[in-house]
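The values are calculated or read from the model by the stated rules, or taken from the named source; none is laboratory data. Because the structure is predicted, anything quoted here is derived from the model rather than measured. Please note: Cβ atoms are built from the backbone with ideal geometry, for glycine as well, and neighbour counts cover all protein chains shown.
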Amino acid sequence: MARDQGELNREDFAHYKDDVKKEGKAFFPHAILADTVMSFVVVCVIVALAAIWYYDAGSTPEGKGLKPGILGPLYTAPADPGTTSFVPRPDWYFYFLFYLLRIFKWPETVFIATIGIPTVGLVLLLGLPFYDRSRERRPSRRPVAMVAAILTVVSMGVLTWKGATAKEALGSELVLLVPSWAKQQGFTHNEKAVKGATLFAQSGCLNCHTYLGQGAGQLGAPNLSAIGKANNAAFFVQYLTNPAAFGNKVMISYAYLGTANLSNIAAFLAASDGPK
């Protein structure tokens, strides 16, 4: 009785597996062919996504390509270097590291998040070919490797999700605290100080500093709740204009805010001499 094609295919596959077990699998042409096919597929997917992105984006009254399509707009609105409400965030593939920095606070443990954990993970990954010499490829027969891979994927996935959904102290939210700050510090009737406090809340200062229980306290930035006891408004204008001149190599210059805004912030800081 003639054998069907399926049976012949199974026999051929059995012979192939037997030959591979006895003689191994040649790098050429098997591995090269597989890599070439996969690379071609990846390039095709990238080209297809780029074409969809390009042709699906529409135009708005402000300009061509600003209307988002399925994959987003071609361009976004020009950056505003003077913005006081933008909260910087990393690209999505760094969200896991971004959230690690929220777990390990400055300055005692931030080294663990920025250097320690990523370096240990990278070393383990680079050393994988040297300490995992097993030829076994079935997941069920590699419990340690599979558990490690699953834990890594799950932990990075959770940290990425937490980083993507983390709430920031937006300037618009902090502005609501200005009346409370003015009352506690006693500058309710100081118009310049109130304006400066509003600009202080909007400018992202509390991403590093703390003020009356608000803020991040990052990079060793001091608490500004009673900073006015030590210096006057003229000093703060000079300091904000060029922090590097006073030995602060971390803080950026706020000269771009303009003289009037700097004067208001300086008045606010000078009036911040501790809760009354």
Return yes when residue 188 is surrounded by fewer than 16 Cβ atoms within 10 Å (Cβ to Cβ), within 20 Å of residue 263 (Cβ to Cβ), assigned by TED's automatic domain parsing to the domain that holds residue 255 and at pLDDT 90 or above and no when it is not. yes
Looking at the structure I just gave you, is residue 98 surrounded by 10 or more Cβ atoms within 10 Å (Cβ to Cβ), of a type in the set (A, V, I, L, M, F, W, C), closer than 30 Å to residue 201 by Cβ and at pLDDT 80 or above? yes
When you scan the range 171-206, how many residues do you find that are without any contact (Cβ under 8 Å) to a residue 40 or more places away in the chain and in contact with a Pro (Cβ under 8 Å, 6 or more places away or on another chain)? 1
Quick one: how many residues across the range 56-95 are outside any helix (DSSP H, G or I), surrounded by 12 or more Cβ atoms within 10 Å (Cβ to Cβ), at pLDDT 80 or above and in contact with a helix residue (DSSP H, G or I) (Cβ under 6 Å, 6 or more places away or on another chain)? 3
Among the residues of the range 191-226 satisfying the criterion of being β-branched (Val, Ile, Thr) and at pLDDT 90 or above, which is nearest to residue 257 (Cα to Cα)? 198
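Filter the range 141-156 for residues that are surrounded by 10 or more Cβ atoms within 10 Å (Cβ to Cβ) and of a type in the set (A, V, I, L, M, F, W, C) and give the result. Walk me through it before giving the result.
At the first step, the residues of the range 141-156 found to be surrounded by 10 or more Cβ atoms within 10 Å (Cβ to Cβ) are 141-142, 145-156.
Result: 145, 146, 147, 148, 149, 150, 151, 153, 154, 156.
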Examine the range 32-55 for a residue that is surrounded by 11 or more Cβ atoms within 10 Å (Cβ to Cβ), more than 24 Å from residue 174 (Cβ to Cβ), out of contact with any Cys (no Cβ under 8 Å at 6 or more places or on another chain) and modelled with pLDDT under 85, and state whether such a residue exists. no
May I ask you to verify whether residue 107 is surrounded by 10 or more Cβ atoms within 10 Å (Cβ to Cβ) and either in a loop (DSSP other than H, G, I, E, B) or at pLDDT below 75 (or both)? yes
Among (1) over 26 Å from residue 92 (Cβ atoms); (2) surrounded by 17 or more Cβ atoms within 10 Å (Cβ to Cβ), there is one condition residue 138 misses while meeting the rest; what is its number? (2)
If a residue must be exposed (fewer than 12 other Cβ atoms within 10 Å of the Cβ) and assigned to a helix (DSSP H, G or I), how many such residues does the range 256-276 contain? 3
So which of 125, 176 is within 30 Å of residue 271 (Cβ to Cβ) and surrounded by fewer than 12 Cβ atoms within 10 Å (Cβ to Cβ)? 176
Only one of (1) among the polar types (S, T, N, Q); (2) surrounded by fewer than 17 Cβ atoms within 10 Å (Cβ to Cβ); (3) in a helix (DSSP H, G or I) fails for residue 253. Which number is that? (3)
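Can you confirm whether the range 11-23 contains a residue that is part of a helix (DSSP H, G or I), more than 30 Å from residue 71 (Cα to Cα) and among the aromatic types (Phe, Trp, Tyr)? Even if it seems obvious, please write down each step before you answer.
Pass one, the range 11-23, residues part of a helix (DSSP H, G or I): 11-23.
Narrowing further to those that are more than 30 Å from residue 71 (Cα to Cα): 11-23.
Next cut, among the aromatic types (Phe, Trp, Tyr) only: 13, 16.
Taking every residue of the range 11-23 in turn, at least one turns out to be part of a helix (DSSP H, G or I), more than 30 Å from residue 71 (Cα to Cα) and among the aromatic types (Phe, Trp, Tyr).
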Which of (1) modelled with pLDDT of 90 or more; (2) surrounded by 11 or more Cβ atoms within 10 Å (Cβ to Cβ); (3) under 30 Å from residue 260 (Cα atoms) is the odd one out, the single condition residue 160 does not satisfy? (3)
